[in-house]
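Here's the structure, in structure tokens; my notes come after.
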Amino acid sequence: MNILRNKKGMGLPMVLGITVFVIGLAATLMSYIVFQAKLVQIDIDQTEDYHNAVSDVSAVLNIISREQNLDPLYLRQLETYFNITIENYNENVLIVTSMINENNQVISYMTGSIQEVSTIETIFEFTGTETNFDLSPLVTPENLLSEYIPEYLENTFDFIDTETEFTSFDDIMAYIEALTIEGSTFIEKSESDLTNMSEPYVNSYWYIDEPVNLVHSNKKNYRNLGVADGKILFINGDLDLSKGTTLTGNIVINGNLDLTSGNYNGYSNLQGTFYVNGDVTLPNSLNLGTVERPTFVFATGHIELSNWTDGVGYFLSDSFEGQEGQITIQGGVYSAEKPKLSPRPIESNPDLDESILYDYAIPTQIPIESTGETPPGEVTTTFKFTYPKLN
């Protein structure tokens with residue numbers, strides 16, 4: 001008000017100074033808005049390119065499977081039409097690639113003849129560190145789950161005509177959602193149905209169509225989560241729990257799994273089978289399973305273990321990191337990329353019994369590419385492929 005009362009008012013230099021400042025501020029804000037808009041546009045373009053690449057690879061895989069044609073000339077024609085590449089990964093597997101840009105690509109693996117093999121003999125009897133261990137590119141979380149779910153649904157709901165062909169987590173979630181809508185099988189629940197429990201426990205066939213966050217800010221009031229034997233909890237989204245909590249049972253998560261939130265610093269417990277369409281981040285001070293009930297974590301993305309992890313566990317993922325010195329695992333680590341492991345060697349678990357894999361939500365047999373060592377009659381001309389992924 002003093003300025004208004006002053007008859008002299010503001011001098012010209014001050015007025016010009018303020019004017020320049022306002023114009024400069026406006027220009028800065030406008031530049032920032034334009035910059036953000038460009039970032040959003042770039043992100044959208046990249047997302048569209050990614051989805052286009054996935055669509056192209058999926059189309060090629062389905063065409064080859066439908067036509068059951070691996071003739072080189074036919075494959076070259078598909079390459080030209082879809083602007084993708086089809087190459088030999090090895091003598092029994094093809095790799096189909098679509099470039100997003102010079103640094104990113106979408107890939108998938110395919111074979112024209114498969115053999116059904118023992119899951120334990122092919123994967124779990126190894127620690128993953130042996131020089132003679134070779135992880136088939138067809139052994140993925142999606143393919144393990146796709147093998148198990150039809151058998152589980154047939155045994156659990158023998159009155160329905162079960163779908164048997166799945167290729168991705170999204171396929172499986174869409175089918176479980178459809179069953180939920182039809183009624184008489186799964187029950188649709190929400191995150192609040194769990195958070196309203198003092199001790200969340202699922203003792204029925206639940207499908208939750210949203211992320212679940214059980215993190216509590218009060219370190220004395222954290223939430224565990226358990227799923228009863230014989231049940232599978234399906235979550236169409238991320239699952240987050242606090243540090244120091246206990247997660248048990250069989251759970252399919254169409255998102256990430258994170259047990260590192262909150263401010264509680266006690267030991268965490270992870271015992272069950274967890275199919276994760278994303279990344280898994282586990283906390284310091286973690287107890288895995290036991291010989292009687294091992295822990296299985298199958299993730300399409302990255303798995304990260306922290307220090308002071310101990311127990312019986314098996315981990316299958318695209319990449320794996322657990323380099324801390326106090327990580328002791330009995331079981332195995334299987335990763336598409338070379339895993340970053342603790343100096344402590346992984347111990348094998350010779351007591352894993354194939355007869356109990358079904359109860360652990362794991363198929364006893366899995367299809368992989370046939371080899372020259374396969375006995376006659378055990379190979380079928382069935383086209384099998386992996387879901388396209390970013391590489």
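First check a/c for the range 139-178, with a ≥ b ≥ c the square roots of the eigenvalues of its C-alpha gyration tensor; if it is under 1.5, answer rounded, and if not, answer prolate when a/b is larger than b/c or oblate otherwise. Write out the running numbers ahead of the final one.
Working: a/c = 2.59, a/b = 1.47, b/c = 1.75.
In terms of gyration-tensor shape, oblate.
What nm value, rounded to one decimal, do you get for the distance between Tyr201 and Thr129 when each label is placed 7 Å out toward the C-beta?
Taking the two extended label points, one gets 3.8 nm.
Around Asn143, under 13 Å between beta carbons, what's the net of Lys plus Arg minus Asp minus Glu among the other residues? Don't skip to the end; give the middle numbers.
Values: positive: Lys384, Lys389; negative: Glu116, Glu142, Glu147, Glu165, Asp171, Glu369.
Residues near Asn143 contribute -4 overall.
Classify the range 119-363 as rounded, prolate or oblate, taking a ≥ b ≥ c as the square roots of the eigenvalues of its Cα gyration tensor: rounded when a/c is under 1.5, otherwise prolate if a/b is larger than b/c and oblate if not.
Numbers: a/c = 1.84, a/b = 1.15, b/c = 1.60.
It is oblate, given that a/c is not under 1.5 and a/b is not larger than b/c.
Want the number for Asp310 to Ile120: 0.36 nm per residue separation, take away the alpha-carbon distance, what's left? Mind dumping the intermediate values first?
Values: separation 190, 0.36 × 190 = 68.40 nm, distance 2.16 nm.
That pair, Asp310 and Ile120, stretches by 66.2 nm at full extension.
Under a plain spin-label model, where a point goes 7 Å from the Cα along Cα-to-Cβ, how far apart in nm are Glu67 and Glu337?
3.5
Among the listed pairs Lys189/Lys340; Lys338/Lys384; Lys231/Lys389, which are separated by more than 27 Å between their Cα atoms? Don't skip to the answer; put the middle values down first.
Numbers: Lys189/Lys340 38 Å; Lys338/Lys384 24 Å; Lys231/Lys389 29 Å.
Beyond 27 Å between Cα atoms: Lys189/Lys340; Lys231/Lys389.
Classify the range 78-213 as rounded, prolate or oblate, taking a ≥ b ≥ c as the square roots of the eigenvalues of its Cα gyration tensor: rounded when a/c is under 1.5, otherwise prolate if a/b is larger than b/c and oblate if not. List each step's numbers first, then the result.
On the way: a/c = 1.96, a/b = 1.68, b/c = 1.17.
Because a/c hits 1.5 or more and a/b exceeds b/c, the range 78-213 counts as prolate.
Report the label-to-label distance for Thr382 and Glu188 in nanometres (one decimal), using points 7 Å from each Cα along the Cα→Cβ vector.
Each label point is offset 7 Å from its Cα along the Cβ direction, giving 3.3 nm.
Read-outs throughout are calculated quantities, based only on the coordinates presented, and are distinct from any laboratory measurement. Just so we're clear, the structure is a prediction, and the values are computed from it rather than from any experiment. Positions of Cβ are backbone-derived with ideal geometry, glycine not excepted, and every protein chain shown enters the neighbour counts.
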